[in-house]
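Colleague: Sharing a structure with you now.
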Amino acid sequence: MTVRWFFRHSILVAALSLSEAHAESGVRVFGLVDAGVEVSSAGKGTQTRVISGGDAGSRWGIDGTEELGQGLSATFRLVGGFSADDGQMGQGGRLFGREAAVGLVKRDAGSLLLGRQPTPVSLTNSFVDAFYWMGSGALISLTRSGATAVQQVLPQVVSARADNAIKYYSPDEWKTLSFSVLYAPGEKSPQLGSTYGLSARYLQGPWDLNAGWGRQDGGNGATGHITSYSLGGSYDLQLAKIYLGFTDEKNSCTTCTGSLARAADNFRASVSEFRLTNLGVRIPIGRFTAIAQVVRINDRSNYQVNPGSRNATWFAVGGEYSLSRRTTLYGSVGTIDNRNGSMYALGSGGVQQVANSVGPGNPRSTAGGIGIKHVF
């Protein structure tokens, strides 16, 4: 009896201690799981695949704060991505590939965080996109599919994060106008040099206005870099929310690899540059939200041999249906014409098409899908 009472008492004390520690630190576990089915075609027959992240990338995370007194607190955030379709870790197998940062927050002075963090221009781009990066209307779903490699139209927006980052956020108390500044030293990497970023957001009444800028230098002081900007926002008419955005990325980086690589296969250019202008709308109808967007793509790249105009217009429609506060069904379809070897390919949100997915003869690229997102 005494032994049994001792163990019960010990378990109770441990549970109370854990609850007290969590209350003091404010630690929480969160995440979301996103999976769907996509059907696409681009001159090579119909392709069907199960995907993860058609609306938002599947993830799990831990964050927390500790009050230090006088409006000062310590904070941390660890977020790891994964694929719900096959269970693999995202961001190249990193444990916390989406975010890993720690820092201090002062209520009236803002926050300063160190670690792997989202770049300002990538967040700005999501605010000017009527699809909020969902489905085949999302600005990040567009790539150029070469025979052996994929070229990003928006490399800095797609790469989305910077290692070794020092990032300042303005105070949350500044509800109308906020801004962020990021600097990440290259640390003598042979591929990537320093990263810079700025963003500002104005929220007042029906207006949501955004501006973001970013620069990625080449490695070891190499010539060439990537510069990007994203401007625009939305106006809420109550019956509908109208979106207008301008995003431009110019890439002359000779050492950048992966999603930041300048060009591949028949896309060889001394400078790659793409400008996207999007006009979209979101219309709430009860639990359902209808979405439509048209995007004009201007290819301003300096090709070694002039291929002719590779400008194109992209149309997309979609919708989201809220089953509950935490569970959403979504779907979309998008289409774009190819010309002069442009080889544009549409994926679903951050789930892009692979290399060699566009057939010969400048075929129309079309993609559509449905999915479910659950937040916890």
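Colleague: Add -39500 (n - 2.57) for each DSSP H run of 4 or more in the chain, then divide by its residues: what number comes out at 222 nm, to the nearest 500 deg cm²/dmol?
Modeller: Working: 3 runs with 38 residues, N = 376.
-3000 deg cm²/dmol, from helical runs alone.
Colleague: Is the shape of the chain best called rounded, prolate or oblate, per the rule: a/c under 1.5 gives rounded, else a/b larger than b/c gives prolate, else oblate, with a ≥ b ≥ c the square roots of the Cα gyration tensor eigenvalues? Intermediate values should be presented prior to the final figure.
Modeller: Working: a/c = 1.73, a/b = 1.51, b/c = 1.14.
In terms of gyration-tensor shape, prolate.
Colleague: Let me ask something additional. Set the Förster distance to 22 Å, then compute FRET efficiency between residue 268 and residue 311 from the Cβ-Cβ distance, nearest 0.05.
Modeller: Values: r = 19 Å, r/R0 = 0.85.
Efficiency, rounded to the nearest 0.05: 0.70.
Colleague: Over segment 103-228, calculate the relative contact order: mean separation of alpha carbon pairs under 8 Å at least 6 apart, over the residue count, as a percent. Don't jump to the answer; show the numbers that get you there.
Modeller: Working: 270 pairs, mean separation 30.7, N = 126.
About 24 percent, as a whole number.
Colleague: Let me confirm the definition first: pairs of Lys residues in the chain, 8 or more apart or on different chains, C-alpha distance under 28 Å. How many are there?
Modeller: On the way: 106/167; 106/175; 167/175; 167/188; 167/250; 175/241; 188/250; 241/373.
Step by step, the pairs that qualify in the chain add up to 8.
Colleague: If the chain between residue 175 and residue 354 were fully stretched, how many nm would it gain, using 0.36 nm times the residue separation less the Cα-Cα distance?
Modeller: On the way: separation 179, 0.36 × 179 = 64.44 nm, distance 4.10 nm.
Computed gain between residue 175 and residue 354 is 60.3 nm.
Colleague: Pairing the Cα long axis of helix 2-25 with the longest principal axis of the chain, what angle in degrees results, from 0 to 90 and rounded to the nearest 10?
Modeller: 50 degrees
Colleague: Ok, one more. Order by neighbour count: 248, 172, fewest other Cβ atoms within 10 Å first, most last. Don't skip to the answer; put the middle values down first.
Modeller: Details: 248 17, 172 12.
Result, fewest neighbours first: 172, 248.
Colleague: If each residue's Cβ is checked for other Cβ atoms within 10 Å, how do 175, 44, 250 rank with the fewest at the top? Mind dumping the intermediate values first?
Modeller: Details: 175 9, 44 14, 250 19.
By the 10 Å Cβ count, ascending, the order reads 175, 44, 250.
Colleague: Around residue 314, with a cut-off of 14 angstrom between Cβ atoms, what is the net charge of the other residues, counting Lys and Arg +1 and Asp and Glu -1?
Modeller: Working: positive: 144, 275, 296, 310, 339, 364; negative: 129, 299, 337.
Its environment carries a net charge of +3.
Colleague: Give me 243, 183 ranked fewest to most by other Cβ atoms within 10 Å of their Cβ, as a rough exposure proxy. Don't skip to the answer; put the middle values down first.
Modeller: Values: 243 22, 183 14.
Lowest to highest Cβ neighbour count: 183, 243.
Colleague: Can you give me the distance in nm between label points at residue 44 and residue 294, each placed 7 Å from the Cα along the Cα-to-Cβ direction?
Modeller: Simple spin-label model gives 3.1 nm for this pair.
Colleague: Could I ask something else about it? Roughly speaking, what is the stretch gain from residue 238 to residue 323, that is 0.36 nm per residue apart minus the C-alpha to C-alpha distance, in nm to one decimal?
Modeller: On the way: separation 85, 0.36 × 85 = 30.60 nm, distance 2.15 nm.
Length difference between fully extended and current span is 28.4 nm.
Colleague: With an 8 Å cut-off on Cα pairs and a minimum separation of 6 or more residues, tell me the relative contact order of the chain in percent. Don't skip to the answer; put the middle values down first.
Modeller: Values: 1096 pairs, mean separation 67.7, N = 376.
The normalised contact order for the chain reaches 18 percent.
Colleague: Would you please put 345-354, 303-312, 275-284 in order of how densely packed they are, using the mean number of other Cβ atoms within 10 angstrom per residue and starting with the highest? It would help to have the intermediate numbers written out before the result.
Modeller: Values: 345-354: 25.3, 303-312: 13.4, 275-284: 18.1.
Peptide ranking by packing, descending: 345-354, 275-284, 303-312.
No value in this document is a laboratory result; all are computed from the given coordinates. Please read all numbers here as calculations on a predicted model, not as lab measurements. Every residue, glycine as well, gets a Cβ built from its backbone with ideal geometry; the counts of neighbours run over all protein chains shown.
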